[in-house]
Structures are given as C-alpha cells and as structure tokens.
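Each reported figure results from applying straightforward, stated rules to the coordinates on display, with no laboratory input. Just so you know, these numbers come straight off a predicted model, no measurement behind them. Don't worry about glycine lacking a Cβ; one is built from the backbone with ideal geometry, like all the others, and counts go over all protein chains shown.
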Amino acid sequence: MPRITAEKREANRARIVAAARRCFSRDGFHQTSVPDIAAEAGLAVGALYRYFGGKDEIILEIAGDAFRMLFAPVERLISTSRNVTVADLVSTAIDPVAAGASGGETEYAVPDDELLRCAVQAWGELLRSEALQQPAESGFEQVRRQIADALRAGQETGSTPAALDPDRGARVVMALLHGFVLQRTAFGLEDMAGFARDARLMLGDAGLLQQGH
C-alpha cells in the first residue's frame, strides 16, 4: 500500500472536518453519527478513524476553528498596538465575520454562518464533556489575559479609562463577542456592519472609547 504523504493526510483531515461542519450545522451534534460524517466526506468509517479518535475530537477541532475565527483578529490587533479601546477590540472581531467564508480560497472553505452554528452548539457540549471543557477553558484564558494586558496598555496611553478593571473588562469584551455570535446564529442578526458601528458608538457614550478616537 503506498504511503500517504503529509499533504494528502492534511487534505483528508480537512475533508473530514468540512464534512462534519456541514453535518453538524445541518443536523446538530447529537443527530450526527460518525458514519454520517464519513458518508458526507465520501470515506469509509474505518478511514475516518485513521484521522480522528471519534466525534468529540472532530467537535474540538471545529470549536477551535470557530474560536480562532473570532479572536485571531483581536490577537493581531493587540500584537500591533498599545493604543486600543474596548470598541476597537469588539469591532475588530466582528468586522471580518461579514467577509463571507473562512479558510481562504480552498476546497474546504466554509461559510462563517456554518462555523458559527457549530460554535454555539459546542458551548452546550462544554457542559457535558470534560475533554472538551479543558482545552476550551485554556484557550479562553489565554485570550482573556491578552485582552486584559491590552486594556492595561491602553490605560497607560490614555485610550482606555483608568477606572476600568482590565481583568473584568476583558470578560466584558468576550461576553459582547459571544453575545454577537448567539444573536447572529440564533436570532437573525443580519446587519453586522451596523451592529459593529452601533457597538462602537455605545461604547463611546459609556466612556470606553477615547474622545475623538
């Protein structure tokens, strides 16, 4: 049997994950079985198990993709600026979601809405699965600390109010973004650009946006 190259192996993993996202988005986690995912991917069930130990591993991979889609732009902003506001952090995460599909120009790029629907389902899975909860908490804490550090840096430059507690402020930022995902996915939020604009205006009125920024 010919050896599978690293590129082919990565392509097969991406194929399985893309198939799982379609199944989960369409039918939900609990109504989707491993054979369903394999069939969607055009693979035998045994072939799928060469890449993933089971459905929870695939869920974890997809949840990580959704988390990175939302928070990677925030991390990039933090790494390049010490003059950020709360409004900057929120709008930086929201704006790219309106772009359409994640994953670039590849065969396995998927609509953001499909990925976000999986993300909301994954939140529920965290309540039942310690295997999912531990890496999710680790990722959450890493980003929360980065946002808190950015808010502290903003206090030094004057872009963030001195009275703001950076650790609590970081949780507020993440809560706003999680709420955005839920509204977009479950409650029909369509005007994402308007949402980002109004979030910036409201945060400015609350004193969390530097005057004239």
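Within the range 194-208, identify whether any single residue is without any contact (Cβ under 8 Å) to a residue 60 or more places away in the chain, part of a helix (DSSP H, G or I) and within 20 Å of residue 67 (Cα to Cα), and answer yes or no. No, the conditions are met nowhere in the range 194-208. Within the range 60-101, the only residue that satisfies the criterion of being free of Cβ contacts under 8 Å to residues at least 12 places away in the same chain and touching a strand residue (DSSP E or B) at 6+ places or on another chain (Cβ under 7 Å) is 101. Yes or no: residue 53 more than 27 Å from residue 96 (Cα to Cα) and not in a helix (DSSP H, G or I)? Considered against the rule, which asks whether it is more than 27 Å from residue 96 (Cα to Cα) and not in a helix (DSSP H, G or I), residue 53 comes out as yes.
For the range 32-73, give me each residue that is crowded, with 17+ Cβ neighbours inside 10 Å and of a type in the set (Ser, Thr, Tyr). 32, 51, listed by residue number. Of the residues screened, residue 187 is not one that is buried (at least 19 other Cβ atoms within 10 Å of the Cβ), over 24 Å from residue 60 (Cα atoms) and either touching a Phe, Trp or Tyr at 6+ places or on another chain (Cβ under 9 Å) or of a type in the set (Phe, Trp, Tyr) (or both).
Looking only at the range 43-71, how many residues end up being within 30 Å of residue 87 (Cα to Cα) and more than 8 Å from the chain's Cα centre (by Cα)?
Count: 3.
Within the range 25-41, the set of residues being within 25 Å of residue 185 (Cα to Cα) and in a helix (DSSP H, G or I) comprises 25, 26, 27, 34, 36, 37, 40, 41.
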